[in-house]
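Structure record follows, encoded as structure tokens.
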Number of protein chains: 2
Amino acid sequence: MEIKIPVVRVKNAEIVEDVDLVTEEVPLTVYLNHEEVVTLLCSPEHWDELAVGFLAGQGLLRSREEIDGVEVDARRGLAWVASRVDRPLARKGVFKRMLGSGCGSSISFSFAGDNDVTRPLSCASTLKASAVLALMTQFQRQSDNFRATGGVHSAALATEEEIVVFRDDIGRHNAVDKIGGRCLLEGYPVQDRILLTTGRISSEILTKVARLGTPFLVSRSAPTAMAVNWARELGVTLIGFARGHRFNVYAHAERIILDQ
Amino acid sequence: MEIKIPVVRVKNAEIVEDVDLVTEEVPLTVYLNHEEVVTLLCSPEHWDELAVGFLAGQGLLRSREEIDGVEVDARRGLAWVASRVDRPLARKGVFKRMLGSGCGSSISFSFAGDNDVTRPLSCASTLKASAVLALMTQFQRQSDNFRATGGVHSAALATEEEIVVFRDDIGRHNAVDKIGGRCLLEGYPVQDRILLTTGRISSEILTKVARLGTPFLVSRSAPTAMAVNWARELGVTLIGFARGHRFNVYAHAERIILDQ
């Protein structure tokens, strides 16, 4: 959502008063079984998906069956998710580090008070190189349409043939979480699906996607070294710099096939 | 810091095995007076500045005099900051929302257990339009040099004449925090300084800059509507889309002057 605000434009030593479109940013506080989990700063759309996707990305929801209900109060910026499974919240943030002797810089995928470990994806699917390029062209076009204001990131879920869901948000994490939430709420299959994003691939984005269960992650931007390591470990085919007629595969390139 | 990793390049239906440079991403756990505050995922440089700047951005440190010492264990990714002033940590995240009747979507600048409210900057300084353009040209050149890998954001502190400190990081928040930490550690004056960033201006970046006390914030990207509102309220001159020969002023344009 965009809103009009007054702006002063300065160009070539000239000052003009004008109006400009800027993208909205609003707080959404997410509750899980009546316990406050987080306040996200986000775009004001698809809050049910964002709330569910955020919780799933943290490992606090794992299947559609666990979800007992989602309620959103759009006026006050609140979302309540009811779950049948009670998992303790990690109060100290997303990562619980293991700090023992000699493993100082390792991070576990588990959370405080939680024994879950994200499992490596095993997947026999392949993806055609031409499909990657065609999907990114479509994704970029759709993304450009949605960001007249230059202030949002986009994410999408796709099959090899087409984009199934497209979402944007001021936060690149939020955009990916909305896709994750939608998949969970609608029960979409993810096992051979492709996650597209406009944002850079950090380790946090990578783990969200691994948790979601999509084996292909494609970005027009760069991955970090940690994201590459985890993609290898977690079985995610990681594609970066997908622009024009080219892309780089940083992990699990064996799933990418050239067209005949 | 960048590291070399194997990559598979796909271009025009051809696959080539190659090596690529990707940017490092590592965890840094920050302690304040021996209490664990946060684990940041960041670039592995300038961790003393990042730790101090993060804490200051959260309102947990407010002046150089408060800092009793900073120690960094680079191998294990740990930073300890000792402060003379004991402030309770906000365990529920950055924002403490005020949810009363009729104020559902307001966010206070204060933190749980903390009475601090970020004060509006009052500042009589002006900034020449030509200086904004010259600084952004220099900043962009420096930023391009540092991001062969396409994976980092930059931030800088500048006077009207030149860039004083330049930092980059995989996170745009971290880059700004490093600048904030450097200012605090070195006791740099900030009252009439300019903060430059490559990233989008969200409300979180805006409040960091207001806390730091620099009255001018310049980005090549877009601000959100909430950032614009807070810039007006907190007395920050907010400049976006600073590219080539033009820029937009979203708040406190009265401080921008055209050259004679």
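Please state which one of A:GLY151, A:GLY102, A:GLY113 is surrounded by 13 or more Cβ atoms within 10 Å (Cβ to Cβ) and modelled with pLDDT under 80.
On the way: A:GLY102 fails: surrounded by 13 or more Cβ atoms within 10 Å (Cβ to Cβ); A:GLY113 fails: surrounded by 13 or more Cβ atoms within 10 Å (Cβ to Cβ).
Only one candidate qualifies: A:GLY151.
Here are some residues: A:ARG246, A:ARG255. Which one is open to solvent by 10 Å² or more (accessible area, probe 1.4 Å) and more than 7 Å from chain B (Cβ to nearest Cβ)? Please lay out each step first, then the result.
Values: A:ARG246 fails: more than 7 Å from chain B (Cβ to nearest Cβ).
Unique residue meeting the criteria: A:ARG255.
Look at A:THR198 and say whether it is in contact with a Ser or Thr (Cβ under 9 Å, 6 or more places away or on another chain) and within 19 Å of A:HIS153 (Cβ to Cβ). Before you say what the answer is, go through the steps one by one.
Details: in contact with a Ser or Thr (Cβ under 9 Å, 6 or more places away or on another chain): yes; within 19 Å of A:HIS153 (Cβ to Cβ): yes.
Yes: the conditions hold for A:THR198.
Taking region A:208-228 on its own, how many of its residues are assigned to a helix (DSSP H, G or I), open to solvent by less than 10 Å² (accessible area, probe 1.4 Å) and closer than 24 Å to A:ARG62 by Cβ?
3
Check off (1) part of a strand (DSSP E or B); (2) closer than 19 Å to B:VAL152 by Cβ; (3) at pLDDT 95 or above for B:ASP177 and give me the number that stays unchecked.
With (1) part of a strand (DSSP E or B); (2) closer than 19 Å to B:VAL152 by Cβ; (3) at pLDDT 95 or above applied to B:ASP177, the lone miss is (1).
For region A:180-203, which positions are among the polar types (S, T, N, Q) and either away from chain B (no Cβ under 11 Å) or without any contact (Cβ under 8 Å) to a residue 12 or more places away in the chain (or both)?
Just the residues of region A:180-203 that are among the polar types (S, T, N, Q), to begin with: A:191, A:197-198, A:202-203.
If the condition is that a residue be among the polar types (S, T, N, Q) and either away from chain B (no Cβ under 11 Å) or without any contact (Cβ under 8 Å) to a residue 12 or more places away in the chain (or both), then A:GLN191, A:THR197, A:THR198 are the ones that fit.
Quick one: B:VAL52 ticks every box in (1) part of a helix (DSSP H, G or I); (2) farther than 24 Å from B:ALA210 by Cβ except a single one, so which number is it?
(2)
Yes/no per residue for (1) without any contact (Cβ under 8 Å) to a residue 60 or more places away in the chain; (2) among the hydroxyl-bearing types (Ser, Thr, Tyr); (3) touching a Gly at 6+ places or on another chain (Cβ under 6 Å):
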| position | (1), (2), (3) |
| --- | --- |
| A:GLU35 | yes, no, no |
| A:SER43 | no, yes, no |
| A:VAL52 | no, no, yes |
| A:GLN58 | yes, no, no |
| A:ASP68 | yes, no, no |
| A:VAL85 | yes, no, no |
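Select from region A:234-260 the residues that are under 15 Å from B:PRO6 (Cα atoms), out of contact with any helix residue (DSSP H, G or I) (no Cβ under 8 Å at 6 or more places or on another chain) and in contact (Cβ under 8 Å) with a residue 24 or more places away in the chain and list them in ascending order.
Of everything in region A:234-260, just one residue is under 15 Å from B:PRO6 (Cα atoms), out of contact with any helix residue (DSSP H, G or I) (no Cβ under 8 Å at 6 or more places or on another chain) and in contact (Cβ under 8 Å) with a residue 24 or more places away in the chain, namely A:GLY240.
Taking region A:31-65 on its own, how many of its residues are within 21 Å of A:VAL165 (Cβ to Cβ), at pLDDT below 95, in contact with a strand residue (DSSP E or B) (Cβ under 6 Å, 6 or more places away or on another chain) and surrounded by fewer than 20 Cβ atoms within 10 Å (Cβ to Cβ)?
Going through region A:31-65 one residue at a time, the tally reaches 1.
Return the only residue of A:SER125, A:SER108 being more than 10 Å from chain B (Cβ to nearest Cβ), surrounded by fewer than 17 Cβ atoms within 10 Å (Cβ to Cβ), modelled with pLDDT of 80 or more and at negative phi.
Values: A:SER108 fails: modelled with pLDDT of 80 or more.
Exactly one of A:SER125, A:SER108 is more than 10 Å from chain B (Cβ to nearest Cβ), surrounded by fewer than 17 Cβ atoms within 10 Å (Cβ to Cβ), modelled with pLDDT of 80 or more and at negative phi, namely A:SER125.
Scan region A:204-226 for residues that are touching a Leu at 6+ places or on another chain (Cβ under 9 Å), of a type in the set (S, T, N, Q) and free of Cβ contacts under 8 Å to residues at least 40 places away in the same chain and jot them down.
Selection gives A:SER219, A:THR224.
Under the condition of being under 16 Å from B:ASP169 (Cβ atoms) and part of a strand (DSSP E or B), which residue from region B:4-28 is farthest from the other protein chains (Cβ to nearest Cβ)? I'd like the intermediate steps shown before the answer.
Residues of region B:4-28 under 16 Å from B:ASP169 (Cβ atoms): B:22-28.
Then drop every residue that is not part of a strand (DSSP E or B), which leaves B:22-23, B:26-28.
Values: B:VAL22: 5, B:THR23: 6, B:VAL26: 6, B:PRO27: 6, B:LEU28: 10 Å.
Only one residue fits best here, namely B:LEU28.
Select, from A:ALA222, A:ALA210, A:ALA231, the only residue that is within 14 Å of chain B (Cβ to nearest Cβ) and modelled with pLDDT under 95.
Details: A:ALA210 fails: within 14 Å of chain B (Cβ to nearest Cβ); A:ALA231 fails: modelled with pLDDT under 95.
Unique residue meeting the criteria: A:ALA222.
What single numbered condition from (1) at the interface with chain A (Cβ under 10 Å from one of its Cβ atoms); (2) part of a strand (DSSP E or B) fails to hold for B:GLY69?
(1)
Return yes or no: is B:ARG193 open to solvent by 40 Å² or more (accessible area, probe 1.4 Å) and among the basic types (Lys, Arg)?
Details: open to solvent by 40 Å² or more (accessible area, probe 1.4 Å): yes; among the basic types (Lys, Arg): yes.
Here the answer is yes, as B:ARG193 does meet what is asked.
The values are calculated or read from the model by the stated rules, or taken from the named source; none is laboratory data. It should be emphasised that the depicted structure is a prediction, and the values quoted were computed from it without experimental measurement. Neighbour counts are summed over all protein chains in view; Cβ atoms, including those assigned to glycine, are modelled from backbone coordinates with ideal geometry. Just so you know, the surface numbers come from the protein's heavy atoms only, side chains and all, with ligands and any DNA or RNA stripped out. Shrake-Rupley method; radii C 1.70, N 1.55, O 1.52, S 1.80 Å.
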